[in-house]
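Engineer: The structure that follows is given in the form of structure tokens.
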Ligand code: NAD
Ligand code: TYD
């Protein structure tokens, strides 16, 4: 029996927790979740799996070399799905060094420990880095798409730190023959997303009748993918991806920010029995984000053709599921908004 012991970093975050919820259902799989529990990490996201016998949580930092060495040894780690990161562009504009520390130094530290722990025995080993389409820079309006071969052109401290970490990961493959996989995905939405990101921020603010801040004119375009479809793509790549390869993941679902926010408003009005057009009145145009990338759009034909993955959800259905989840999980939203989720677990994990 071939048991896989998978180290997931950043598993208490938005995407990581969905990856873990899917991973624990696999046979012969143990999941070790290493997470520092920053503001974005929340163990409430993992309540449904916390008592699973194949799931272990470790509070810690991906920059902590000795902890990483210990984890690889104790848990006989054979695969790494590396999601831990500072993930919010606006925060990266305010504190770029934090992004360099976590996303670059953290990834370098993790890579180095994985390499020394596996000591050249790379059979059945994988280091899989979860990255973003933002490394490719910004597209003009039109039909151009980011391909795996598109040159990197990151333009925010966040995307630059992710681009740097992608380069480091790829350099280990070319230099040492170290077994890596990388995927670059478009904007995710869905349950458990911290309400600083556009979709949950709007849902939360509509609920509380607060302004919906739109940067600039709201004409910037993003491609949106439901989080469980991203996690499904990650599991597909982990299983069948070719070592050394990069896969773009996207929803083929482009929206300008203004149109997206209007759809969220409409969906919320219906769900909350508010008069049509009520929430749109909350839309407020604010100063544009510094260096705001105009458009992201993904060509995901490689993963579709080579690995047979396609998104399973239509955007309208994904959005309804998302809105329903936030309306049901008002306590989660309240705890996250007030910071209460931190004190809940403080006694347990310090
Ligand atoms: P998130 O901010 O919700 O979660 C990040 C997690 O990493 C948190 O649980 C946090 O506590 C943990 N973390 C941060 N610093 C750490 C450290 N030093 N050591 C250990 N843990 C640490 O992020 P997310 O949206 O779930 O994104 C996960 C990954 O996917 C990131 O690498 C991000 O770049 C990438 N990604 C995100 C999106 C998106 O739309 N959210 C799209 C493409 C790629
Ligand atoms: P965000 O959710 O922060 O993701 P990213 O910057 O990684 O794409 O933002 C999505 C888009 O929405 C982006 O173009 C910035 C814009 N935006 C707003 O207009 N207002 C907001 O309050 C936020 C958070 C984002």
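The values are calculated or read from the model by the stated rules, or taken from the named source; none is laboratory data. Since this is a predicted model, take the numbers as computed values, not measurements. Methodologically, a virtual Cβ is constructed for each residue, glycine included, from the backbone with ideal geometry; neighbour enumeration extends over all protein chains shown.
Engineer: Residues 273, 257: which one is at positive phi and free of Cβ contacts under 8 Å to residues at least 60 places away in the same chain?
Structural biologist: Exactly one residue qualifies, and that residue is 273.
Engineer: Condition first: farther than 15 Å from residue 101 by Cβ and part of a loop (DSSP other than H, G, I, E, B). Now tell me which residues in the stretch 72-84 satisfy that.
Structural biologist: The answer is 76, 77, 78, 83.
Engineer: Given the residues 87, 92, 53, which is the only one that is part of a loop (DSSP other than H, G, I, E, B) and within 16 Å of ligand 2 (Cβ to nearest atom)?
Structural biologist: 87
Engineer: Of all helices (runs of 4 or more DSSP H) completely enclosed by the stretch 241-350, which ones contain at least 1 residues that are under 30 Å from residue 127 (Cα atoms) and over 20 Å from the mean Cα position of the chain (by Cα)?
Structural biologist: Correct list: 301-307, 340-349.
Engineer: State all residues of the stretch 311-350 that are touching a helix residue (DSSP H, G or I) at 6+ places or on another chain (Cβ under 9 Å), modelled with pLDDT of 95 or more and surrounded by fewer than 14 Cβ atoms within 10 Å (Cβ to Cβ); if no residue qualifies, say none.
Structural biologist: Answer for the stretch 311-350, where residues must be touching a helix residue (DSSP H, G or I) at 6+ places or on another chain (Cβ under 9 Å), modelled with pLDDT of 95 or more and surrounded by fewer than 14 Cβ atoms within 10 Å (Cβ to Cβ): 312, 316, 324.
Engineer: For the subset of the stretch 1-14 comprising residues that are more than 9 Å from ligand 1 (Cβ to nearest atom) and in a loop (DSSP other than H, G, I, E, B), which member is surrounded by the most Cβ atoms within 10 Å (Cβ to Cβ)?
Structural biologist: Checking each candidate, the answer is 3.
Engineer: For the stretch 184-198, how many residues meet the condition of being within 9 Å of ligand 1 (Cβ to nearest atom) and touching a strand residue (DSSP E or B) at 6+ places or on another chain (Cβ under 9 Å)?
Structural biologist: Here the count works out to 7.
Engineer: If residue 233 satisfies all but one of (1) part of a helix (DSSP H, G or I); (2) away from ligand 2 (no atom under 16 Å from the Cβ); (3) over 14 Å from the mean Cα position of the chain (by Cα), what's the number of the condition it fails?
Structural biologist: Tallying (1) part of a helix (DSSP H, G or I); (2) away from ligand 2 (no atom under 16 Å from the Cβ); (3) over 14 Å from the mean Cα position of the chain (by Cα), residue 233 fails exactly one: (3).
Engineer: Pull up the stretch 126-144, narrow it to residues that are crowded, with 18+ Cβ neighbours inside 10 Å and away from ligand 2 (no atom under 16 Å from the Cβ), then point me to the one that is farthest from residue 9 (Cα to Cα).
Structural biologist: This residue is 126.
Engineer: Tell me whether the stretch 15-25 contains one or more residues that are at pLDDT 95 or above, within 19 Å of the chain's Cα centre (by Cα) and in a loop (DSSP other than H, G, I, E, B).
Structural biologist: yes
Engineer: Given (1) within 10 Å of ligand 1 (Cβ to nearest atom); (2) surrounded by fewer than 18 Cβ atoms within 10 Å (Cβ to Cβ); (3) within 22 Å of residue 184 (Cβ to Cβ), identify the lone condition not met by residue 90.
Structural biologist: (1)
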